[in-house]
Number of protein chains: 2
Amino acid sequence: MIIYSKNIYLENNKICGFIKVDKEKIVDIKECNRDLDCDYLKEYVSSELKWDSNDEIFDYSNLNIIPGFIDIHIHGWGTGSFWLEKSKESILEMKKYLPIEGVTSFLATSGADTKDEILGQIDAVNEAYEENQIGADLLGIHLEGPFINKEFKGMQNEENCILPNIDIMKSFYERQGKQGLIKLMTMAPELENSKEVAEFCKEKGIQLSVGHSAATFEQIKEMKEHGFSGFTHTFSGMKGMHHRELGVAGSALYFDDMYCEFAKQTGLTVKHEIFDIALRIKTSDKIILTTDCCGLAKTNKPWNHYVRRITIIPHEKGVMIKHYDGREEIIDNSNYENVRDIEMSYINSVKNVIKHSKVTIFDVIKMTSANPAKYINVFDKKGSIDINKDADLLVIDNDFNIIDTIVRGKVYDIK
Amino acid sequence: MIIYSKNIYLENNKICGFIKVDKEKIVDIKECNRDLDCDYLKEYVSSELKWDSNDEIFDYSNLNIIPGFIDIHIHGWGTGSFWLEKSKESILEMKKYLPIEGVTSFLATSGADTKDEILGQIDAVNEAYEENQIGADLLGIHLEGPFINKEFKGMQNEENCILPNIDIMKSFYERQGKQGLIKLMTMAPELENSKEVAEFCKEKGIQLSVGHSAATFEQIKEMKEHGFSGFTHTFSGMKGMHHRELGVAGSALYFDDMYCEFAKQTGLTVKHEIFDIALRIKTSDKIILTTDCCGLAKTNKPWNHYVRRITIIPHEKGVMIKHYDGREEIIDNSNYENVRDIEMSYINSVKNVIKHSKVTIFDVIKMTSANPAKYINVFDKKGSIDINKDADLLVIDNDFNIIDTIVRGKVYDIK
């Protein structure tokens, strides 16, 4: 395929020009500083670019082409919950519907569960990876726990928040097989034995993130040297900032070489103004947007969401949403359109960021694609529009509405 | 007097040149782009500048000339405590010793005391102002209270933290006489009737600062419109920042048109890293350095400083400092050199900022002089090196050691 647009966002500049895609990869990019009439595109491609003019040309002239979003913290989405269902099928459901929301690749994210459950989830990721079904690209697994601090468990199961254990970590590592799909590990660095586990992860190229943690500034300062390079859902599930002890939140703002991951910007969990403070101090170079969505429509037990003031309850016809004010809704959770709005999607979170903070499109690209790709070490194939990278692209209008999602070289069509 | 230096820091640029001072004012500034030999200065002044060569020339060629520090939050210093002694004499003691520490003008700062005590303090300020003794310039009074929130009283007397009262405010205002010495008022904007008092202050040109406050983000957002333009000792004595409610601390970071005053940077009350976070987000354009010193050597009652882990106790020979670890020191509190180090001086606080944050000399000038002058509306005569402004200058070496302090046109000599 050949893509034409006047607004192709490369990593550091915008060009008017052409992207040539062969199979799943971007194989060439050419700038063109003339305004081209749509009737003339084919001729230009063949006579000026000397590219095969039988390739289908997609004319997105006035639209914008940006790299697809990479969600490195997503437990579930829509009709699939890897966290709650823990199956290959749940991942396949996520893969299927994420491109609609702009997500072209992701890390299936586990939580604090038993060792055996997590091993089962690693198996599920391995299987889904092998299956290679069309849809958002499964990059691997983000282990959010089990080595996290009970004191800041948030919505994790307390009984499964355990001390770092090198044997357990090794069993996870070995189970992933040769694909090396464990890309990211959220851990509380203040816990006993965290250094040993961190050193193991660092050696194996698993990125470490501080999360569900009560660490002090000094502990984080020390553990940075052992591989921690960022913070999981900054501000949530961590020791807050105080002027005499920075805690985890203050350390996240302070260390300018560490990334801050933020969950979906609903403005409920983290106020827009707090996100804005973080953005101003960290700059878009060190912010990563994720959703931390759970696929709550697939819950197998009543789920109390105190911030949103709802309880989500399994129901014979799907799922029931019980609002704190007494209202009840019953939803068929096998139908994507029905469950789509239960949680905020990646693209809607991005729109909220644009609405509440001063950001350029380059800032958005960094926070949604380049930074997460760099963080989990896949920037060689994802995270920017560049030759030899996967053709994961979003076609958006000026209001950030998604017109087309291109996943590994194909315009995504769910049917 | 005529001052020559290769490093004269004007508001936005550094020049090599001459400052001409007549009586208390800067009357001319001339740039000179040649390197002048010290023997040649007199000739240059007379032949090139056509200035009176009988004026004494101060050759500070390789030193730096910056505007004097303006401390808008200082209760006491060294051998005088306006807060505790509440007398004209206490202010005169402060005036006498502050120039040694780089402070060339200040606001004598009261606390939460009874109405009658505060009225007495306003009288003392009026009297000290009339006396016009040589020393740091008394710019007026900063009323830190009494309209502050008991919940965040800090070291203020709880029984004197009262609700805003327009009659009491008017009695303060009337007592100040025609000099208009009430320049700044710290108040908790969430308290009942604060709007009425704020509107009165705004109309009368009294700057309002949020302090000792439990206000929410929404309350501060509203009260900004009623004259609040800054925050008193940011982070201390205020509702902290949380990601679901910014509180006072979060609002201080968020509102980029509001000033953040910081007390002396010992690193104990507000960690250096927290100050650095604030500096990075607010920039030096909106930070004001103060000391919030109290003149603790003049305490009339035992004073427990839990952050510093000492108790300061009146003693027949002066004052006793009792450390939490059991050590005791007895100090003659009538001798400045003896008490100088009981609290951290303005210049030492500045040195700490330079040590722990990336700041230029221009940043320092803004935070110590231009910003406080603008904030309390005296920038027409203070806060920068400019023609028609008071000649309040510091001569410093490159390590920020004070070589000379020039107070209203004279090199300050304490003898």
Worksheet item: Are there GluC sites (Glu not before Pro) in region B:210-250 that DSSP puts in a loop and that have at most 14 other Cβ atoms within 10 Å, and which ones?
Response: B:GLU225
Fill in: Computed E for B:LYS204/B:GLU24 - FRET, C-beta separation, R0 30 angstrom, nearest 0.05
0.65
Worksheet item: What list of whole percents do you get for P(r) of region A:1-107, with Cα-Cα distances grouped in 5 Å bins up to the one holding the largest distance?
Response: 2, 11, 19, 17, 13, 10, 11, 8, 6, 3, 1
Response to the item:
So, in nm and shortest first, the distances from B:ASP399 to its counterparts in the other copies, with label points 7 Å along Cα→Cβ, work out as 6.3
Worksheet item: Relative contact order for region B:287-415 using alpha-carbon pairs under 8 Å, separation at least 6, rounded to a whole percent?
Response: 16
Item to complete: Diagonalise the Cα gyration tensor of region A:221-319 and give the resulting equivalent ellipsoid semi-axes, square root of 5 times each eigenvalue, largest first, whole Å.
Response: 31, 14, 13
Worksheet entry | Derived scalar couplings ³J(HN,Hα) [region A:139-149; Karplus, 6.51 cos²θ - 1.76 cosθ + 1.60; whole Hz; x for Gly, Pro] | 8, x, 10, 10, 8, 8, x, x, 8, 10, 8
Worksheet item: Taking N as the number of residues in chain B, what is its Cα Rg relative to 2.2 N^0.38 Å?
Response: 0.99
Worksheet, complete the sentence: With Cα springs under 10 Å, the Gaussian network model of chain B assigns the largest mean-square fluctuation among B:HIS242, B:HIS226, B:HIS356 to B:HIS242
Discussion item. To the nearest 20 Debye, how big is the dipole of the protein assembly as shown about its Cα centre, given +1 on the beta carbon of each Lys and Arg and -1 on that of each Asp and Glu?
Written reply: 380
Item to complete: First measure r as the distance between the Cβ atoms of A:ILE361 and B:ASN13, then evaluate 1/(1 + (r/R0)^6) with R0 = 45 Å and state the FRET efficiency to the nearest 0.05.
Response: 0.80
Practice prompt. When a/c is below 1.5 the answer is rounded, else prolate if a/b is larger than b/c, else oblate, so apply that to the protein assembly as shown with a ≥ b ≥ c taken from the square roots of the Cα gyration tensor eigenvalues.
Written response: prolate
Fill in: Placed amide H near B:ASN7: partners under 5 Å, 5+ positions off or other chain
B:GLY17, B:ILE65
Item to complete: Using +1 at the Cβ of each Lys and Arg and -1 at the Cβ of each Asp and Glu in chain B, identify which of B:SER5, B:SER284, B:TRP77 lies farthest towards the dipole's positive end.
Response: B:SER284
Worksheet entry | 5 angstrom amide H check on A:VAL27, placed H, neighbours 5+ away | A:LYS20, A:VAL21, A:ASP22, A:ASN388
Discussion item. With 10 angstrom as the radius, rank B:THR114, B:THR405 by how many other C-beta atoms surround their C-beta, starting from the fewest.
Written reply: B:THR114, B:THR405
Worksheet, complete the sentence: Going residue by residue through region A:296-312, the Karplus relation 6.51 cos²θ - 1.76 cosθ + 1.60 with θ = phi - 60° gives ³J(HN,Hα) values, rounded to whole Hz and with x marking Gly or Pro, of 4, 5, 9, 5, 9, 8, x, 10, 9, 10, 5, 6, 8, 6, 9, 10, 10
Practice prompt. Compare A:ASP257, A:ASP113, A:ASP390 in a GNM of chain A, Cα atoms joined below 10 Å, and give the one with the largest fluctuation.
Written response: A:ASP257
Item to complete: Within 10 Å of each Cβ in peptide A:270-283, how many partner chain Cβ atoms are there on average? Round it to a whole number, please.
Response: 5
Discussion item. If each label sits 7 angstrom from Cα along the C-beta direction, how far apart, in nm, is A:GLU31 from its counterparts in the other copies?
Written reply: 3.7
Discussion item. Running a GNM on chain A with Cα contacts under 10 Å, which residue among A:GLY177, A:GLY383, A:GLY227 ends up with the highest mean-square fluctuation?
Written reply: A:GLY177
Worksheet item: In what sequence do B:TYR336, A:TYR254, A:TYR259 fall when counting other Cβ within 10 Å, fewest first?
Response: B:TYR336, A:TYR254, A:TYR259
Worksheet entry | Spacing of the two label points (7 Å from each Cα toward its C-beta) at B:GLU89 and B:HIS323, in nm | 3.3
Discussion item. Return the chain A residue and its Cβ-to-axis distance, rounded to the nearest Å, for the rotation relating A to B.
Written reply: A:ILE281, 2
Worksheet item: How far is the Cα center of region B:124-193 from the Cα center of region B:233-277, in Å?
Response: 22
Worksheet item: FRET efficiency for B:LYS381 and A:GLU127, Cβ-Cβ distance as r, R0 = 51 Å, nearest 0.05?
Response: 0.10
Worksheet item: Where the convex hull is taken over the Cα atoms of region B:95-203, what is its projected area averaged over directions, in nm²?
Response: 7.2
Response to the item:
Which residues qualify? For B:ASP137, with a placed amide H closer than 5 Å and at least 5 residues away or on another chain, they are B:SER105, B:PHE106
Worksheet entry | Contact order relative to length of region B:296-339, as percent, for alpha carbon pairs under 8 angstrom and 6 or more apart | 28
Practice prompt. Could you state the angle between the C-alpha long axis of helix A:115-131 and the longest principal axis of the C-alpha atoms of chain A, as a value from 0 to 90 degrees rounded to the nearest 10?
Written response: 10
Discussion item. Residues of region A:112-147 with backbone nitrogen within less than 18 Å of a virtual label 7 Å along the Cα-to-Cβ line of A:ASP413, please, listed as ranges.
Written reply: A:134-136
Worksheet entry | Copy-to-copy label separations for B:ASP285, where each label sits 7 Å from Cα toward Cβ, in nm and ascending | 2.0
Discussion item. Bin width 10 Å, origin at 0, all Cα-Cα pairs of region A:296-339: what percent of pairs per bin?
Written reply: 33, 56, 11
Practice prompt. Compute the acute angle (0 to 90°) between the alpha-carbon long axis of helix B:346-356 and the principal axis of greatest extent of the alpha-carbon atoms of chain B; round to the nearest 10°.
Written response: 90
Discussion item. Please list 3J(HN,Hα) in residue order for region B:49-64, calculated via the Karplus relation 6.51 cos²θ - 1.76 cosθ + 1.60 where θ = phi - 60°; whole Hz, with x for glycine and proline.
Written reply: 8, 6, 8, 4, 7, 7, 4, 5, 9, 9, 9, 10, 2, 8, 8, 10
Response to the item:
Taking region A:169-289, the equivalent ellipsoid from its C-alpha gyration tensor has semi-axes in Å, biggest first, of 26, 17, 12
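Rule-based calculations on the coordinates, nothing more; no lab input. These figures come from a predicted structure and were not determined experimentally. Virtual Cβ from ideal backbone geometry, glycine too; neighbours counted across all protein chains shown.
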